[in-house]
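Some notes on the structure that comes next.
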Amino acid sequence: MIPQTLIPIVGLFEAHLTVSDLDRAVAFYREQLGLPLAHIFPERKVAFFWIGNPGQAMLGLWEAETMPISVSLHVAFQVGLPDLHEAVQRLRRGGIEPKDLAGLPTAEPVVLAWMPAASVYFCDPDKNLLEYITMLPDPPRPDLGVLSWSDWIHRKQTVA
């Protein structure tokens, strides 16, 4: 039961990342990821991109002053399963290293069996951790932990 004072949350509308060079980040998110630019506020050193259709969801990139330490943040982008399977090759063609959950180079998506969801991870030029993710229609299997897509399929076939 939701308390009467709370508003039910139905989705995430926007997320924000800090970047060291706004122009470089805008080029990466527009050219490498294909996100449509919503608006840039040069005086505030911030850019906004639409996720999906305009007005559906948004990503904000804020240029941070030079800091003695780096901060890595994480954003996951929902994609379709066929696109997720193409993500590894497409990222590599764009000069971006696809990674698994441990941050190691990967040749295929990984499955987070507790959800279950399939994911491919990668970093932007500021080392923010980005993720393409697809929820899977299968029942959750928390006992399997995190495994490669091929291991997930193999286990599904041996159970069936």
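Results for (1) touching a residue at least 40 places away in the same chain (Cβ under 8 Å); (2) basic (K, R); (3) within 25 Å of G11 (Cβ to Cβ), shown as yes or no for each residue.
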{"site": "L73", "(1), (2), (3)": "yes, no, yes"}
{"site": "Q89", "(1), (2), (3)": "no, no, no"}
{"site": "V110", "(1), (2), (3)": "no, no, yes"}
{"site": "P125", "(1), (2), (3)": "yes, no, no"}
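Here's a check for you: in segment 93-125, which residue that is within 22 Å of G145 (Cα to Cα) and among the charged types (D, E, K, R) is surrounded by the most Cβ atoms within 10 Å (Cβ to Cβ)?
K99
Taking segment 27-54 on its own, how many of its residues are of a type in the set (K, R) and assigned to a helix (DSSP H, G or I)?
1
Determine whether segment 20-37 contains at least one residue that is open to solvent by 50 Å² or more (accessible area, probe 1.4 Å), touching a residue at least 60 places away in the same chain (Cβ under 8 Å), under 17 Å from the mean Cα position of the chain (by Cα) and under 30 Å from W152 (Cβ atoms).
yes
Can you find, within segment 75-92, the residue that is surrounded by the fewest Cβ atoms within 10 Å (Cβ to Cβ) among those that are of a type outside the set (V, I, T) and under 15 Å from T106 (Cβ atoms)?
Across segment 75-92, the extreme among qualifying residues is Q89.
Pairs please, first residue from segment 133-160 and free of Cβ contacts under 8 Å to residues at least 24 places away in the same chain, second anywhere and outside any strand (DSSP E or B) and not charged (D, E, K, R), Cβ atoms under 6 Å, 6+ apart in sequence or on different chains.
Close Cβ pairs (under 6 Å, with a partner that is outside any strand (DSSP E or B) and not charged (D, E, K, R)) amount to D138/P116.
So M58 ticks every box in (1) over 16 Å from the mean Cα position of the chain (by Cα); (2) touching a residue at least 12 places away in the same chain (Cβ under 8 Å) but one. Which box is left unticked?
(1)
Would you mind telling me which numbered condition in (1) modelled with pLDDT under 95; (2) surrounded by fewer than 15 Cβ atoms within 10 Å (Cβ to Cβ); (3) touching a helix residue (DSSP H, G or I) at 6+ places or on another chain (Cβ under 8 Å); (4) more than 24 Å from V111 (Cα to Cα) E63 fails?
(2)
The values are calculated or read from the model by the stated rules, or taken from the named source; none is laboratory data. Nothing here was measured: the structure is a model prediction, and the numbers come from that model. For neighbour counting, all protein chains shown are included, and Cβ atoms are generated from backbone atoms with ideal geometry for every residue, glycine included. Protein only, heavy atoms only, side chains kept; ligands, DNA and RNA dropped before computing areas. Shrake-Rupley method; radii C 1.70, N 1.55, O 1.52, S 1.80 Å.
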